[in-house]
Amino acid sequence: MTVDVSYDARTGAAVEEVAVSTPFEVDTALAAAAAAAPGVAATPPVERARLLRALADALEGRADELVALADRETGLGEERLRMEIGRAAGQLRYHADVAVEGSYLDVTIDTGAPRLARTGVPLGPVAVFGASNFPFLFGVLGTDTAAALAAGCPVVVKANPAQPVLSARLRLLAADVLPAGWFALVSGFEAGGALVASPHTAAVAFTGSQRGGLALWRLANERDVVIPVFAEMGTVNPVVVTAAALSRADELARGFVESFTRGTGQYCTKPGLLFVPAGSGMAGRVAAALVDLAPEAWLLTEQIAASAATGLAELVAAGGTVAGQAPGPGNGWTTPTTVLSAPIEKLRSGSRLLEECFGPVAIVTEYADRAELEHALGELQGTLAAAVMAGEDDQDVPWLVERLTALAGRVTVGDWPTGVAVTGAQHHGGPWPATTRPATTSVGAGALSRFTRPVAYQNVPDAALPPPLRAGNPWRLPRRVDGVVTLP
């Protein structure tokens, strides 16, 4: 029997085994999701919302048990995990509200000749690949699962092998709340490929490494019927410090350390590259801040720890110099927290210095003038977020925001990019290779529209139209009728 092994992240010791799904179990889960899909799509948003809120209540009701399981498998700590489980419950409720409000469907009706009516229709079963670094917010019952269910799609989740016991417990929690066919969990390496290749699967949602995301994207594009893959893969998120901001250099150095070490550097929004004016001494300031601020914390898996160590060595070989380092705990899966300095002329497209190192590692580089900075920014890959740290009434802010807009899905001024708010205006995505679908977001209200596709109905009788388009507006949705937005 093949198993996923649950490890204690703090010691590296194996503590439990969980059997992985057989091919028959994977096929059964997918077939059940496909059979349930029409009913899930036809379920009124208010009922979908009720179920999502019940899931949120169940998460919070089992918080003690779930946090203990997650802490053992991740080493992230009780305080962080309690905060995350609260945010995950809030996210489920938020998506419930978005489903009921309904504007994500973009319902549009033209009453002329011909009569045209358009709405988004649910895609069908969604295969979700959750992340290891956020076991609740981006895991089994995280943002992709919440958005797909809210949009009217059943979900089959591939359990992350880093958290097999937690994943299995979350499956039981979901089974107590959701109707049959709405949700399933499968596990094992082969199950991932089977999910993407299955003719039952209508879309894939993934959060993780570029390597993993691109493998799924290629597999989906090799199918006879190609399906969308919404992969959020993360890259290096740049932060630019302007000359006018140097009056608070020590504050910025501490803020940078606090941001890039959050979650032991295992956030997809980690600021990995800090651009500073030449002569600022910022690399030394950041190195000094490490001594006070760098937490002794663990990485999520043995593989992540090994990759972080390898990545650090590769960054040094590519031209980086260790400016400061703080040791890890010394046991379990850990690596030193490290800040590197690198000459800006080494930042060239294709350089290892411009690739993500997942873990507590970041680079500081100095620019002599605007031309040198603009040239270096032009070498960067697309990214999820970018930030500017500026002075008051700083004349560099407008052109930097314009320049970073071409690189990132979210641009911040005065805020470190690490935190991601769940709101209507949020966009958690970015140009390739940060995501495979730059126009979509995996966080916020826009996350639901990924799992629908627009269909226009021409001269279709009212009784044959889907509920969002019927004359009585039974789901009470906002609609644009003959160019005028009408509210229920």
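The values are calculated or read from the model by the stated rules, or taken from the named source; none is laboratory data. Because the structure is predicted, anything quoted here is derived from the model rather than measured. No Cβ is skipped: glycine too gets one built from the backbone with ideal geometry, and neighbour counts run over all protein chains shown.
What the table below lists for this structure:
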quantity: Cβ pairs under 8 Å, 6+ apart, first in region 415-429 and within 19 Å of PRO238 (Cα to Cα), second in a loop (DSSP other than H, G, I, E, B) and of a type in the set (Phe, Trp, Tyr); calculated: THR418/TYR267
quantity: Breaking point among (1) polar (S, T, N, Q); (2) outside any loop (DSSP other than H, G, I, E, B); (3) touching a helix residue (DSSP H, G or I) at 6+ places or on another chain (Cβ under 9 Å), for THR335; calculated: (2)
quantity: Residue match in region 333-351 (condition: free of Cβ contacts under 8 Å to residues at least 12 places away in the same chain and farther than 18 Å from LEU377 by Cα); calculated: no
quantity: Selection from region 320-351 of residues that are in contact with a Gly (Cβ under 8 Å, 6 or more places away or on another chain) and of a type in the set (D, E, K, R); calculated: LYS346
quantity: Verdict on VAL241 being touching a Gly at 6+ places or on another chain (Cβ under 9 Å) and over 20 Å from CYS357 (Cβ atoms); calculated: no
quantity: Candidate set: region 455-468, residues that are touching a Gly at 6+ places or on another chain (Cβ under 9 Å) and in contact (Cβ under 8 Å) with a residue 12 or more places away in the chain; chosen: the one surrounded by the fewest Cβ atoms within 10 Å (Cβ to Cβ); calculated: VAL455
quantity: Residues that are in a loop (DSSP other than H, G, I, E, B) and either farther than 30 Å from LEU137 by Cβ or more than 34 Å from the chain's Cα centre (by Cα) (or both), drawn from region 439-475; calculated: ASN459, VAL460, PRO461, LEU465, PRO466, ARG470, ALA471, GLY472, ASN473, PRO474
quantity: Qualifying residue in region 7-24 (condition: outside any strand (DSSP E or B), modelled with pLDDT of 95 or more, of a type in the set (Gly, Ala, Ser) and buried (at least 19 other Cβ atoms within 10 Å of the Cβ)); calculated: yes
quantity: Hits in region 114-136 (condition: touching an Asp or Glu at 6+ places or on another chain (Cβ under 6 Å) and crowded, with 24+ Cβ neighbours inside 10 Å); calculated: VAL128, PHE136
quantity: Selection count where residues are assigned to a helix (DSSP H, G or I) and not acidic (Asp, Glu), scope region 212-259; calculated: 24
quantity: ALA220 buried (at least 18 other Cβ atoms within 10 Å of the Cβ) and closer than 26 Å to PHE358 by Cα; calculated: yes
quantity: Unmet requirement for VAL291, which otherwise passes all of (1) buried (at least 21 other Cβ atoms within 10 Å of the Cβ); (2) modelled with pLDDT under 95; calculated: (1)
quantity: Residue that is touching a Lys or Arg at 6+ places or on another chain (Cβ under 7 Å) and surrounded by 16 or more Cβ atoms within 10 Å (Cβ to Cβ), where the choices are THR440, THR436, THR452; calculated: THR440
quantity: Among the candidates VAL226, VAL186, residue that is in the same structural domain as PRO38 (by TED's automatic domain parsing) and either surrounded by 24 or more Cβ atoms within 10 Å (Cβ to Cβ) or not hydrophobic (A, V, I, L, M, F, W, C) (or both); calculated: VAL186
quantity: Residue check for ALA408: closer than 22 Å to LYS270 by Cα, modelled with pLDDT of 95 or more and out of contact with any Leu (no Cβ under 6 Å at 6 or more places or on another chain); calculated: yes
quantity: Residue list for region 291-324, filter: outside any loop (DSSP other than H, G, I, E, B), in contact (Cβ under 8 Å) with a residue 24 or more places away in the chain and closer than 27 Å to GLU73 by Cβ; calculated: LEU293, GLU302, ILE304, ALA305, SER307, ALA308, ALA309, GLY311, LEU312
quantity: In region 308-321, residue surrounded by the fewest Cβ atoms within 10 Å (Cβ to Cβ) [restricted to those that are of a type in the set (Val, Ile, Thr) and under 16 Å from LEU273 (Cβ atoms)]; calculated: THR321
quantity: Residue among ALA305, ALA231, ALA283 that is touching a Ser or Thr at 6+ places or on another chain (Cβ under 8 Å), surrounded by 17 or more Cβ atoms within 10 Å (Cβ to Cβ) and under 18 Å from THR335 (Cα atoms); calculated: ALA305
quantity: Strands (runs of 3 or more DSSP E) lying entirely in region 50-145 (those with 1 or more residues that are at pLDDT 95 or above and not hydrophobic (A, V, I, L, M, F, W, C)); calculated: 108-110, 116-122
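Listed here are the residues, each with its yes/no results for (1) in contact with a Pro (Cβ under 6 Å, 6 or more places away or on another chain); (2) of a type in the set (Ser, Thr, Tyr); (3) under 28 Å from ASP250 (Cα atoms); (4) surrounded by fewer than 15 Cβ atoms within 10 Å (Cβ to Cβ).
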{"site": "ALA297", "(1), (2), (3), (4)": "no, no, yes, no"}
{"site": "ALA326", "(1), (2), (3), (4)": "no, no, yes, no"}
{"site": "ASN331", "(1), (2), (3), (4)": "no, no, no, yes"}
{"site": "ASP369", "(1), (2), (3), (4)": "no, no, yes, yes"}
